[in-house]
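Worksheet: the structure to be examined is printed underneath.
Only the coordinates and a few stated rules stand behind these numbers; no lab work does. As the structure is a prediction and not an experimental result, all values here were calculated from the model. Cβ placement follows ideal geometry from the backbone for every residue including glycine, while neighbour counts extend to all protein chains displayed.
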Amino acid sequence: MAVDTLFTGGRIRTFDPARPWVEALGVTGDKISYAGSAADAPAARRTVQLEGRLLTPGVADTHNHLLLGFDDLAVSLDQVQSLDVVRSRIAEFAETHPELDWICAENALYSVVEGRRPNADDLVGVTDRPVFITTYDQHSVWLNRPALAKLGILNGADIAWGNPEIDSITGEPTGWVTDFYTSAMTIAGLAELQRDIPMYSPDRRYRKITNSLEMAAKVGITTVVEPQVPLAELDLFARAEREGKLTSRTIAAIYHAVGADGEFRSRITEAIRETPQHDRFTLGPVKLYADDVIEPHTAAMLQDYANRPGHRGHPSLEPTEFTKLFVELDRLGYQVHTHATGDWGIQLTLDSIEAAQRANGARDARHGIVHVECLAPEDLPRFQQLGVVAAMQPRHASPDLVAGTWMENVGEARWDRAWRFKSMIDSGARVTFSSDWQVGEMDPLVGLYSAMTRARLDGQDAWTTNERLDLDRALRAYTTGGAEAFHQEDTRGVLREGMLADLVVWSGDLYAMEPAELLAQQADLTIVGGSPIHDARGELGGVAAAALAQDPAGAGQTCAEPHTEHGHSH
């Protein structure tokens, strides 16, 4: 019997232990119907000649903030190192957009002002309108004086989406707001942002989702996990599904504020029960925060920060209460993915998972710890022992992002604890890789390069090189590892007969290249369930034609050029 499409003439990495490499792969309908030798391949209605290129399972980007994306009505401060450039970009944007009441900007670096955090005084004279700037990790906000006045902060008003910093000498607000992202995802925090800050309007948030999904298709991502969706924004994903915009399979994790009560957990259960689950959209785990982030000294560390004696940060919730919450979520049957960057935050999460197993009995929950940036040596084996998934981001380990603030805060004596990819995999732990878009570039080729080199994108300043990975193990973490993290290994992540036909054809044989060469490659063809969502060379007749044949309502979707800028969000 003929298959619909046969891929042959290249390298096909299946990640199937029984048949790691094959010469031909057949797809019929939405599933793989043949994997084997070219000589034994069945007849095909259509044949794609790989011409030496590599075909692999589709990428599962298991931590990708679709909701953050890049805003087309905000100033990009991505990788801007100079306060003068920050000021000039904002001033120019304000001058060319007189219709905007607020000037919003994204992805400012903490180090843009040497030796201290930026403040409102640094923005004096740029514009008379209020300015709202998010940092590259989305955990802090920088405001100018008109914004402080508009929000009432100058007069001592509280805000629900963060904690305004107060100058210890003058008693006045500095213009810096901490604990932004965790607060912004609460019901009250999001409501205030939508009321006051135009960048958080539902329409602009929806555009970020659809733009991010278009980019995901172009870079070979077939499954994407939005790691923290407020209940109030689930309808944005329902809209995307209705409008045929969910090109990649999308898993949404529900954000659980650390202070939320049993009534909120009941609302989560109700939302999961009432939200239609289908092949392109599912509600996945619950997202917790054990701590914040290392850059502003708010991650929880077991010893003092190297450049701030006496200060170790703090967990997001008192440790006993955090463990109690985790045990309750596990008892209710949720899979929990917990943000933890500092070694104390990671240890607290592992302790809580262990407590949940003692209290509720061990099960194959595959609770995840997200980021795992600074890992105490004694906690390394516990991931495998407790069945915990390490959801990590190779690009975070690049000096482009962590030289300076991160490295200085942690201190060189603890650099050997940083992003221990190889050690984790060698220990037998489940590891999945992701972009943390828009912390780093969404393109998994950048992540593969970073995992292999631990260097800047120009190849310079490689560090902690004993944690480098080879291509095969890094690619497995982006594919099979992602499927395993969410109990999907029976349907995707491996190319074998009967599995869903989620796959990507790369522009060359990645295994034949040096790491730096990966940065010049691309995804030529991205297929989800047998249908192309990205077809750079028109090999399957173009995405629109294939979509029309598969689903007339979904035709006409196009994929925008990928945005190559990056920031650092958690």
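Observations on the model:
- Cα centroid separation - segment 214-239 against segment 316-345, whole Å: 24 Å
- Length available on full extension from Ser201 to Thr269: 0.36 nm per residue minus the Cα-Cα distance, which gives 21.9 nm.
- Taking the number of Cβ atoms within 10 Å of each Cβ as an exposure proxy, the fewest-first ranking of Val131, Val113 is Val113, Val131.
- Positive end of the dipole of segment 202-485 (Cβ unit charges, origin at the Cα centre): among Pro399, Leu236, Leu448, the Cα lying farthest that way belongs to Leu236.
- For segment 96-255, the dipole from Cβ point charges (+1 on Lys and Arg, -1 on Asp and Glu) about the Cα centre works out to 580 debye, to the nearest 20.
- Potential lengthening of the chain between Ala157 and Ala2 amounts to 48.9 nm, from the contour at 0.36 nm per residue minus the alpha-carbon distance.
- With 0.36 nm allotted per residue and the present C-alpha distance subtracted, the Ala462-Asp128 stretch has 115.9 nm of extension available.
- Extent along the principal axes, Cα only, for the chain: 79, 56, 50 Å, with the longest axis given first.
- Segment 405-449 and segment 17-95: distance between their alpha carbon centers, rounded to Å: 20 Å
- Highest mean first, the peptides 5-17, 366-378 sorted by other C-beta atoms within 10 Å per residue fall in the order 366-378, 5-17.
- All-pairs alpha carbon distance profile, segment 1-152, 10 Å steps from 0, percent: 10, 28, 14, 8, 14, 18, 7, 0
- Here segment 202-485 is assigned +1 on the Cβ of each Lys and Arg and -1 on the Cβ of each Asp and Glu. Its dipole about the Cα centre then comes out at about 600 debye.
- Most positive-pole-ward Cα, Ala290, Thr338, His278, against dipole of segment 271-385 from beta carbon charges: His278
- Segment 202-485, Rg to Rh (Cα coordinates; Rh as Kirkwood inverse mean 1/r): 0.95
- Lysine pair count for segment 202-485 (Cα-Cα distance under 19 Å; residues 8 or more apart in sequence or on different chains): 4.
- Arg331/Glu378 FRET efficiency (R0 35 Å; Cβ-Cβ; nearest 0.05): 0.80
- Computed E for Ala512/Gln385 - FRET, C-beta separation, R0 41 angstrom, nearest 0.05: 0.60
- Distance between modelled label sites at Asp121 and Ala39, nm, 7 Å Cα→Cβ extension: 7.9 nm
- For the pair segment 187-212 and segment 471-518, the centres of their Cα atoms are 33 angstrom apart.
- Report summary: the helix-based calculation at 222 nm, which adds -39500 (n - 2.57) for every DSSP H run with n ≥ 4 and divides by the residues of the chain, gives -8000 deg cm²/dmol.
- Its Cα gyration tensor gives segment 145-187 an equivalent ellipsoid; the semi-axes, largest first and in whole Å, are 19, 12, 8.
- Basic side chains Lys and Arg get +1 at the Cβ, acidic Asp and Glu get -1 at the Cβ, and with that the dipole of the chain about its Cα centre reaches some 1200 debye.
- Percent of Cα-Cα distances greater than 23 Å, calculated over segment 111-237: 39 percent
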